[in-house]
Amino acid sequence: MGMSLRDWLDEERPWAAYAACRGADSALFFAGTEGGDTNTAQRICAGCAVKDDCLDWALLSGAPYGVWGGTTEHERRRLARRSA
């Protein structure tokens, strides 16, 4: 029997159990993909204890969409270019 998506994500990202966004509406973190406002998501991330872990995961996995570790897609692309 396969692993559920939730179990896989929890195993892949154990730090997520401590994320400030846990239980928040995921649409807030993907609003920018439809030209929406990402400010609410970034405010939630600002006080998150695992923000750096989240950003590291997003950069390593190449997360193309959404707010991760307090950054938008555009901000992560810029960070990736700087580190290359």
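The values are calculated or read from the model by the stated rules, or taken from the named source; none is laboratory data. Being a predicted model, the structure only gives us computed values, none of them experimental. Neighbour counts are summed over all protein chains in view; Cβ atoms, including those assigned to glycine, are modelled from backbone coordinates with ideal geometry.
Just to be sure, is LEU5 at pLDDT below 90 and either out of contact with any His (no Cβ under 9 Å at 6 or more places or on another chain) or over 24 Å from ARG78 (Cα atoms) (or both)?
Judged against the criteria, LEU5 is a match.
Residues in region 45-84 that are assigned to a helix (DSSP H, G or I) and under 11 Å from the mean Cα position of the chain (by Cα): how many?
Count: 13.
How about region 32-61: which of its residues are among the hydrophobic types (A, V, I, L, M, F, W, C), surrounded by fewer than 19 Cβ atoms within 10 Å (Cβ to Cβ) and closer than 13 Å to GLU73 by Cα?
Listed by number, the list holds a single entry, LEU59.
Scan region 63-84 and report the pairs whose first residue is closer than 13 Å to LEU28 by Cα and whose second residue is assigned to a loop (DSSP other than H, G, I, E, B), with Cβ atoms within less than 7 Å and a gap of 6+ or a chain change.
VAL67/THR38; THR72/THR38
Scan region 25-84 for residues that are at pLDDT below 90 and among the basic types (Lys, Arg) and jot them down.
ARG81, ARG82
Taking region 46-84 as the region of interest, how many residues are within 24 Å of GLY23 (Cβ to Cβ) and in contact with a strand residue (DSSP E or B) (Cβ under 8 Å, 6 or more places away or on another chain)?
Final tally of qualifying residues: 5.
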